[in-house]
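A short worksheet on the structure shown next.
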Amino acid sequence: MKHKNSLDKFRNSGGGADIGTKEDGAIVETFKNGNRLIIIKEKSVYEFQLADDIDPERKHPNLPWSTHKLLLNIGSNSELFTKIFMTAKSLFTSSFVSIDVNVEKALNLTLEVIQEFNVLDEEIKDYIETENLVIKHYEENKGNGSHSVPSIPNLITRCKTIFQKIDHICQIQMELIREFFPEFTKGYYTQLCGFMHGTYGDDDLTTKFFDRILPQIQLTRNIRNCLDHRKKEITILNFELQTTLNINAPTIEMEDNGSKLDKVDLSSFLLNTFNKLVEMYEVVMPHLCSKRISSRTIIPVEVTLIPEDKRRNINMRFGYWSPLGDGGYYHQ
């Protein structure tokens, strides 16, 4: 009993903790999502836990008073993190979203997807850097009697990894969509478009949004399928040496299952695909919330695009607006 009292005294006492390192920058925001305490810093994101979170029955006296672990090596200074996660945190709130939407799960899904985005961003940047280094090395040595043709040996494997990651992000987004449209129980984006037309009509803005992004999602999924199954409908060419001793950078082309991609520089296509994917995820969130605004709000709210001069953060483009005062009030 003495030991238990000692442990109780230790666990019940106040305490402090240094989260991360000085290189992470300052703590910008701390919030609780379910049982998770998330700490957002300028250049990182951590999850913080007290000993009682891990050992609620207080049977393990050797646990430290608190622990923290790194979730992301980007934070509030990152445009990517702000566009995706900070926008989600602003929109997925029980104050304005219908009570039958699990906002805790919606935020956890977004925390999962921003980690996927971060890795994908690093993989694409690493590929482009590798391609540029290969080109630079070739140009520096082609006049020195070298007959080595430039190449990226693991090119197909790199592409397979990238497009698997892209498809995984789309799958997480689909899980998020089902949280807001629980009646859409089966199917993927093609069936979702049919569901939206049947439920909200052809002229609905959210219906039109899903119609618009469908070809891009189908394209990246078909590329992933072609790579996974080694189909002849896709061609990814490594560096090609010309008779002039100039080189063509790697290219990709594909025609399969209703999707067609004309031959294009691989690096440009990857970068363009990533930017479209970020915008797609960023914009789908206000569309979802606009369909599930709570009927319990004391004051009327609607989801809107926030004017640049009204934004708390320049990269947080969407939020809730109420008709209060001159010009209304933006909930940020």
### Task
Check region 230-246 and report whether any residue there is crowded, with 19+ Cβ neighbours inside 10 Å, more than 30 Å from HIS197 (Cα to Cα) and touching a Ser or Thr at 6+ places or on another chain (Cβ under 9 Å).
no
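Yes or no, residue by residue, for (1) surrounded by 15 or more Cβ atoms within 10 Å (Cβ to Cβ); (2) out of contact with any Ser or Thr (no Cβ under 7 Å at 6 or more places or on another chain); (3) at pLDDT 95 or above; (4) not in a strand (DSSP E or B):
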position	(1), (2), (3), (4)
LYS43	yes, yes, yes, yes
GLU57	no, yes, no, yes
ASN62	no, yes, no, yes
PHE85	yes, no, yes, yes
LYS105	yes, yes, yes, yes
ILE114	yes, yes, yes, yes
### Given (1) closer than 18 Å to GLY258 by Cβ; (2) buried (at least 16 other Cβ atoms within 10 Å of the Cβ); (3) touching a helix residue (DSSP H, G or I) at 6+ places or on another chain (Cβ under 8 Å); (4) without any contact (Cβ under 8 Å) to a residue 60 or more places away in the chain, number of the condition ARG158 does not satisfy
(1)
### Query
Do we have LEU120 as open to solvent by less than 10 Å² (accessible area, probe 1.4 Å), aliphatic (A, V, I, L, M), assigned to a helix (DSSP H, G or I) and in contact (Cβ under 8 Å) with a residue 60 or more places away in the chain here?
yes
### Task
Test LYS142 against the stated conditions and say whether it is of a type in the set (Lys, Arg), modelled with pLDDT under 90 and surrounded by 12 or more Cβ atoms within 10 Å (Cβ to Cβ).
yes
### Message
Given the criteria more than 19 Å from ASP211 (Cβ to Cβ), of a type in the set (Val, Ile, Thr), assigned to a strand (DSSP E or B) and more than 22 Å from the chain's Cα centre (by Cα), does VAL303 qualify?
### Response
no
### Task
Output the number of residues of region 161-187 satisfying the condition of being part of a loop (DSSP other than H, G, I, E, B) and either in contact with a strand residue (DSSP E or B) (Cβ under 9 Å, 6 or more places away or on another chain) or loosely packed, with under 14 Cβ neighbours inside 10 Å (or both).
5
### Message
Let me spell it out: the conditions are (1) hydrophobic (A, V, I, L, M, F, W, C); (2) open to solvent by 50 Å² or more (accessible area, probe 1.4 Å); (3) more than 16 Å from the chain's Cα centre (by Cα), and LEU271 meets all of them except one. Which number is the exception?
### Response
(3)
### Message
Being surrounded by fewer than 16 Cβ atoms within 10 Å (Cβ to Cβ), among the polar types (S, T, N, Q), outside any helix (DSSP H, G or I) and modelled with pLDDT of 95 or more: is that true of THR199 here?
### Response
no
### Message
Quick check on my filter: what residues within region 306-332 are within 19 Å of VAL278 (Cα to Cα) and part of a strand (DSSP E or B)?
### Response
PHE318, GLY319
### Message
When you check ILE213 against the structure, is it assigned to a helix (DSSP H, G or I) and surrounded by 17 or more Cβ atoms within 10 Å (Cβ to Cβ), yes or no?
### Response
yes
### Task
Count, please, the residues in region 247-266 that happen to be farther than 19 Å from PRO153 by Cβ and either β-branched (Val, Ile, Thr) or open to solvent by less than 70 Å² (accessible area, probe 1.4 Å) (or both).
6
### Task
Among the candidates THR206, THR220, single out the residue that is touching a residue at least 40 places away in the same chain (Cβ under 8 Å), in contact with a helix residue (DSSP H, G or I) (Cβ under 7 Å, 6 or more places away or on another chain) and over 20 Å from PHE269 (Cβ atoms).
THR206
### Task
Determine, yes or no, whether PHE181 is closer than 29 Å to LYS136 by Cα, modelled with pLDDT of 95 or more, of a type outside the set (A, V, I, L, M) and within 23 Å of the chain's Cα centre (by Cα).
no
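The values are calculated or read from the model by the stated rules, or taken from the named source; none is laboratory data. All values derive from a computational prediction rather than experimental measurement. A quick note on method: Cβ atoms are made from the backbone with ideal geometry, for glycine too, and the neighbour counts reach across all protein chains shown. These accessible areas exclude ligands, DNA and RNA; they are computed on the full protein's heavy atoms, side chains included. Shrake-Rupley method; radii C 1.70, N 1.55, O 1.52, S 1.80 Å.
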